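Here is the structure we will look at.
The values are calculated or read from the model by the stated rules, or taken from the named source; none is laboratory data. Quick caveat: nothing in here was measured; it's all calculated off a predicted structure. All Cβ positions, glycine included, derive from the backbone under ideal geometry; neighbour counts span all protein chains shown.
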Amino acid sequence: MRALTEARGVSLAALSAMLGRNAAYLHQFVTRGSPRSLAADDRRRLADFFGIDEAELGAEPPRNAFPLPRLDVAASAGPGSLIDNETLLGTAAIDTALARHLGLHAGKAVIVRVRGDSMEPGLVDGDLIVVDQAKTRPDAQGGVFVVRIDGAVMVKRVRAGRGALVVTSDNVAAPPPPPGPVEVIGRVVWLMRAPR
């Protein structure tokens with residue numbers, strides 16, 4: 001918690017106030033272990049604030065859960081973003097039955113964040129998507145995939161065309177994807193979004 005607050009330049013007192021608690025709430029948690037664990041609502045709000053998984057703040061994963069690494073990669077739904085590296089932010093989990101229904105296999109699926117508006121209305125800026133890295137061959141019907149074009153990672157609709165992949169955006173107002181060879185990273189199989 002100390003490292004997180006230092007990196008963000010915020011105080012424990014300010015975060016306590018954000019949670020609607022007294023100014024000493026998080027200071028006592030960090031220094032004295034009181035309370036022993038953060039309330040679920042407080043933990044969720046802090047995890048959202050820091051952009052980390054709740055498990056890093058002491059949340060127990062659900063018993064019947066399929067773990068998914070959450071990477072510090074934004075799949076641009078705009079002009080594309082360059083990736084220097086793929087840093088693990090933490091691990092999230094989905095129900096095992098859902099993972100089985102989606103056909104996910106351990107080590108072959110990740111969670112990434114969408115950036116931009118070129119895939120609206122289906123995907124909007126800030127959405128978290130589950131990407132199945134085992135599915136890298138679009139057919140003629142196509143689907144939504146995370147791709148890399150000229151070093152930029154983006155989420156686009158991709159289908160197999162005559163001798164090449166056809167890459168498009170869902171938002172008709174979006175500029176066309178850049179030219180270049182398309183590397184398919186994986187298929188988007190699930191959208192993790194709170195109702196809007």
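Select from segment 88-103 the residues that are out of contact with any strand residue (DSSP E or B) (no Cβ under 6 Å at 6 or more places or on another chain) and hydrophobic (A, V, I, L, M, F, W, C) and list them in ascending order.
Going through segment 88-103, the residues out of contact with any strand residue (DSSP E or B) (no Cβ under 6 Å at 6 or more places or on another chain) turn out to be 95, 97-98, 100-101, 103.
Once the filter is applied, which keeps residues that are out of contact with any strand residue (DSSP E or B) (no Cβ under 6 Å at 6 or more places or on another chain) and hydrophobic (A, V, I, L, M, F, W, C), segment 88-103 yields ALA97, LEU98.
Quick check: anything in segment 46-54 within 22 Å of the chain's Cα centre (by Cα), farther than 27 Å from ALA99 by Cβ, outside the structural domain of VAL112 (by TED's automatic domain parsing) and assigned to a helix (DSSP H, G or I)? Within segment 46-54, one or more residues are within 22 Å of the chain's Cα centre (by Cα), farther than 27 Å from ALA99 by Cβ, outside the structural domain of VAL112 (by TED's automatic domain parsing) and assigned to a helix (DSSP H, G or I). Residue check: LYS135 meets all listed conditions (1) closer than 19 Å to LEU102 by Cβ; (2) surrounded by fewer than 18 Cβ atoms within 10 Å (Cβ to Cβ) but one, namely (2). Within segment 168-196, the only residue that satisfies the criterion of being among the hydroxyl-bearing types (Ser, Thr, Tyr) and part of a strand (DSSP E or B) is THR168.
Residue-by-condition table, conditions (1) under 20 Å from the mean Cα position of the chain (by Cα); (2) free of Cβ contacts under 8 Å to residues at least 40 places away in the same chain; (3) assigned to a strand (DSSP E or B):
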residue	(1), (2), (3)
THR136	yes, no, no
VAL147	yes, yes, yes
VAL153	yes, no, yes
ARG162	no, yes, no
VAL166	no, yes, yes
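Screening segment 138-159 for residues that are at pLDDT below 95 and of a type in the set (A, V, I, L, M) and picking the one that is surrounded by the fewest Cβ atoms within 10 Å (Cβ to Cβ) gives ALA140.
Criterion applied to ARG43, ARG21 was being surrounded by 13 or more Cβ atoms within 10 Å (Cβ to Cβ), in contact with an Asp or Glu (Cβ under 9 Å, 6 or more places away or on another chain), under 30 Å from LEU68 (Cβ atoms) and not assigned by TED's automatic domain parsing to the domain that holds ARG70, and the one residue passing it is ARG43.
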